[in-house]
Amino acid sequence: MVQMKRLNTRELSFAMLGTILVLATLGTGSALAQGAAPGVPAPAGAPAAPAPAGAPGPPAIPAGVVPPPGYVIGPEDALSVVFWREKDMSTEAAVRPDGMITVPLLNDIHAAGLTPDQLRERIQTAAAKFVEDPTVTVVVKAINSRKVFITGLVSKPGQYPLAGPTSVMQLIAMAGGLQEYANSKKILIMRTEGGEQVAKPFNYQDVLNRKNLKQNIDLLPGDTVIIP
């Protein structure tokens, strides 16, 4: 009877061991079915896990205009200031007559007379006092500061945007051409040079006849063409 009791105990031990192995095997299969355990690297070539829902992406950069060579920001220009992570600091800003723009948290920033890259660096430097490693983009949405003027005997006198290189003849064409009694040989281009007003003569008839073409200069912001 003692011998039979020992055999039953041994059999019971083997049975319990078998049960533990079966449970362990089922647990491993369940873990594999649900994915790799935390901290275990994915096998080579396995697809990357999707980004967590709600993770911030890069901001949308608004469309802008291509500034002409040598462009600097001026009053009435429309700008977009875009922060990469601090979206609450992004803003649309028009340059005020005093040359300033307003940026959330930073208040007034001087923009007039700077290139877009110089303004971007200035904003990043100011923002670094409040946020870590700010990344800023400055987009020129509209150039309203570069203007030329034409007055006198043309069809449409007034101010015109200087978005790119524009000659005297091109401005006259934009203004609808000379009126019938305009003195095409006595046109003047008024320009400020070194703080003083200078008058440059322009003979429309000569340029039409391909003479003295050097007088058909490219206009600068602030120039005024007078058609007598």
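The values are calculated or read from the model by the stated rules, or taken from the named source; none is laboratory data. Just so it is clear, the model here is predicted, and its values are computed rather than measured. Neighbour counts run over all protein chains shown; Cβ positions are idealised from the backbone, glycine included.
The figures follow:
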quantity	calculated
Residue within the stretch 195-212 that is closer than 20 Å to Ile73 by Cα and touching a Leu at 6+ places or on another chain (Cβ under 6 Å) present	no
Residues that are hydrophobic (A, V, I, L, M, F, W, C), outside any loop (DSSP other than H, G, I, E, B) and surrounded by fewer than 18 Cβ atoms within 10 Å (Cβ to Cβ), drawn from the stretch 79-114	Ala94, Met100
Subset tally (residues that are within 16 Å of Ala128 (Cβ to Cβ) and touching a strand residue (DSSP E or B) at 6+ places or on another chain (Cβ under 6 Å)) for the stretch 84-99	1
Filter result for Gln215 (polar (S, T, N, Q), over 20 Å from Lys147 (Cβ atoms) and either modelled with pLDDT under 95 or touching a strand residue (DSSP E or B) at 6+ places or on another chain (Cβ under 8 Å) (or both))	yes
Selection within the stretch 148-162 - under 16 Å from Asp218 (Cα atoms) and part of a loop (DSSP other than H, G, I, E, B)	Leu162
Among the candidates Ala126, Ala173, residue that is in a helix (DSSP H, G or I) and either hydroxyl-bearing (Ser, Thr, Tyr) or exposed (fewer than 15 other Cβ atoms within 10 Å of the Cβ) (or both)	Ala173
